[in-house]
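Beneath this line is the structure, given in C-alpha cells, with notes to follow.
The values are calculated or read from the model by the stated rules, or taken from the named source; none is laboratory data. A quick note: this is a predicted structure, and the numbers were derived from the prediction, not measured. Positions of Cβ are backbone-derived with ideal geometry, glycine not excepted, and every protein chain shown enters the neighbour counts.
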Amino acid sequence: MAVAYAHGRANLIGEHTDYNDGLVLPLLISNQTEVALAIRNDDLICGTSNQFLAGQRAVHDGLNGHWLDFVIGALHQLRPFGGRIQGLDIAVKSDVPPGAGVSSSAALTIALLRALVTAQQLPCLTSPELALMAQRIEHDFIGTQCGIMDQMVVAAAKPGACMMLDCRSLDYKLMPMLPDHAVVVIHSGNVRKLSDSVYNQRLAECAAAARTLGVDSLRDATIEMLRKFAPDTKMKRAKHVISENLRVLAAVECLVRKDACSLGGLIDESHDSLRSDYEVSNPALDRLVGSLRDAGALGAKLTGAGFGGCVLALCETASVDTVISRAVEINPESYLIDVICS
Ligand code: GLA
C-alpha cells in the first residue's frame with residue numbers, strides 16, 4: 001500500500017493573476033488530504049472518501065463528474081513517466097473543505113499523484129512536473145480551466161512559508177511569514193456558486209483585454225496603457241490584474257521589511273479590487289471581511305476564486321482569538337478553518 005498527503009492553501013495576495021502569467025503569494029494551510037492506495041489485479045477503481053460518495057468504476061469508463069475522474073486523470077497523466085493504467089483500491093481522508101477556495105482539488109490531485117508514483121515505483125518527479133500534471137488533470141479530465149498557482153503551492157511549498165511564485169516562469173521563492181503575526185482563514189458559510197462559469201468568463205475577459213492592449217498576456221500590460229481606452233468591463237478586469245501584480249511585489253517587500261501594517265493595507269486593497277474591478281466577491285464575503293477589519297485584523301480579503309468560500313485576515317498573534325471570536329459572533333454562519341503562523 002502507498003500513502004501520500006498534500007495540504008490545502010490560502011492565497012495571501014495575487015488573486016486571478018496566475019492565468020495571466022502573473023505573480024502570486026500563497027501559503028499552505030494545515031488542513032490536508034491523505035490518500036492510501038493499493039494496486040488491484042483487475043481494472044476496477046474502488047474509492048472511499050470521508051467527503052464524497054464511495055464509487056466503483058472500470059479504468060476505461062468515460063468521465064462522469066464523479067471524484068474518481070481525478071484518479072483516472074492521474075493514471076493517464078503518469079503514463080509518459082512509465083505509469084500503468086490499472087485497477088486500484090483507494091481511501092481518501094481530508095479536512096480540506098471542498099468548494100471553499102482553499103484548493104481541495106489540488107490537494108487531492110497532488111496526493112493522488114504522489115501515492116501513484118510510490119505504488120507504481122516510478123522515478124521521482126519534480127514539484128513543477130507534478131504541478132503541471134495536476135493542472136492538466138483539471139483542464140482535461142475535470143473541465144476547470146484553472147491557472148497553476150494551486151498546484152504549484154500544494155506541490156512545492158513548506159508549512160509556515162509564503163511562496164512568491166512567478167506563474168510565467170514557475171520560478172519561486174519561499175519566504176518566512178511575519179514573526180508575531182498569523183493568517184486566519186475563516187469560511188464565510190456561503191458555499192461557492194457559479195464559480196466555473198464566471199471563472200471561465202473572467203479568463204475570456206482577460207484574454208480580450210490583452211488582445212485590445214496588444215500584449216501576449218496581462219502580465220505585460222501597464223496602468224498607463226489602460227488610459228488610452230474606455231474603462232469598459234474588460235479594462236476593469238485588466239486594471240485588477242495589473243494592480244494585483246504590483247501589490248504582490250509590494251507585499252514581498254513588506255515581508256522582507258517585516259512591515260505588517262503595510263502588508264495589511266495591500267491585502268485590503270486586493271479585496272476591494274476583487275470586489276469592484278474584478279467582481280468576484282459577494283455580500284457574505286464582504287460582510288465577513290468588514291467584520292474582520294473592524295475586529296482588529298490588519299487586512300482581510302477573500303481567498304481563491306471568490307463567489308463564496310473562505311476569507312483570510314492578517315492579525316497580530318496576540319489578537320487572533322479576539323479577532324476570530326468577534327468576527328464569528330457578528331457572522332454566525334462563518335467558522336474557523338485554520339490559523340497559519342510562522
Ligand atoms: C482558483 C484557481 C486558481 C486561481 C484562483 C484565483 O483557486 O484554481 O488557479 O486562479 O482561483 O486566484
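Worth a mention:
- Some residue of the range 187-208 being away from the ligand (no atom under 15 Å from the Cβ) and within 18 Å of MET235 (Cβ to Cβ): yes
- Filtering the range 62-79 to residues that are among the aliphatic types (A, V, I, L, M) and touching a residue at least 40 places away in the same chain (Cβ under 8 Å) leaves LEU63, VAL71, ILE72, ALA74, LEU75, LEU78.
- Any chance GLY73 is within 16 Å of the ligand (Cβ to nearest atom), within 22 Å of GLN135 (Cβ to Cβ) and not β-branched (Val, Ile, Thr): yes
Residues are listed down the side, and each one gets a yes or a no for (1) more than 30 Å from CYS206 (Cα to Cα); (2) modelled with pLDDT of 95 or more; (3) in contact with a helix residue (DSSP H, G or I) (Cβ under 9 Å, 6 or more places away or on another chain):
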| residue | (1), (2), (3) |
| --- | --- |
| ALA6 | yes, yes, yes |
| ARG9 | no, yes, yes |
| LEU12 | no, yes, yes |
| LEU28 | no, yes, yes |
| THR33 | yes, yes, yes |
| LEU37 | yes, yes, yes |
| GLN51 | yes, yes, yes |
| ARG57 | yes, no, yes |
| GLY73 | no, yes, yes |
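- Residues located in the range 99-145, provided they are of a type in the set (Asp, Glu) and closer than 15 Å to TYR5 by Cα: none
- The set of residues from the range 186-221 being closer than 13 Å to ASN20 by Cβ and not in a helix (DSSP H, G or I) comprises VAL215, ASP216, SER217, ALA221.
- Applying a threshold of 7 Å to beta carbon distances and a minimum spacing of six or more residues, or different chains, the list of pairs starting in the range 216-234 at a residue that is within 21 Å of ARG168 (Cα to Cα) and ending at one that is among the acidic types (Asp, Glu) reads SER217/ASP21; ARG219/ASP21.
- Set LEU37, LEU27: member being within 21 Å of GLU269 (Cβ to Cβ), in contact (Cβ under 8 Å) with a residue 60 or more places away in the chain and more than 13 Å from the ligand (Cβ to nearest atom): LEU27
- Any strands (runs of 3 or more DSSP E) falling wholly within the range 256-342 and containing at least 1 residues that are small (Gly, Ala, Ser) and crowded, with 23+ Cβ neighbours inside 10 Å: 299-302, 310-316
- In the range 280-317, the residues that are over 22 Å from CYS254 (Cα atoms) and within 16 Å of the chain's Cα centre (by Cα): VAL280, SER281, ALA305, GLY306, PHE307, GLY308, GLY309, CYS310
- Residue match in the range 228-250 (condition: on the phi < 0 side of the Ramachandran plot, among the polar types (S, T, N, Q) and touching a Lys or Arg at 6+ places or on another chain (Cβ under 8 Å)): yes
- Comparison of LEU165, LEU178, LEU213 shows that the only residue that is within 26 Å of SER127 (Cβ to Cβ), over 20 Å from the mean Cα position of the chain (by Cα) and surrounded by 17 or more Cβ atoms within 10 Å (Cβ to Cβ) is LEU178.
- Only listed residue being surrounded by fewer than 24 Cβ atoms within 10 Å (Cβ to Cβ) and within 16 Å of the ligand (Cβ to nearest atom), chosen from PRO98, PRO80: PRO98
- Condition check for ALA91: more than 16 Å from the ligand (Cβ to nearest atom), more than 18 Å from ILE142 (Cβ to Cβ) and not charged (D, E, K, R): yes
- Of the candidates LEU165, LEU174, the single residue that is under 30 Å from ASP259 (Cα atoms), in contact with a strand residue (DSSP E or B) (Cβ under 8 Å, 6 or more places away or on another chain) and free of Cβ contacts under 8 Å to residues at least 40 places away in the same chain is LEU174.
- Within the option set GLY143, GLY147, being at pLDDT below 95 and either surrounded by 15 or more Cβ atoms within 10 Å (Cβ to Cβ) or not charged (D, E, K, R) (or both) holds for one residue only, GLY143.
- For the range 49-72, the count of residues that are assigned to a strand (DSSP E or B), touching a Gly at 6+ places or on another chain (Cβ under 8 Å) and surrounded by 18 or more Cβ atoms within 10 Å (Cβ to Cβ) is zero.
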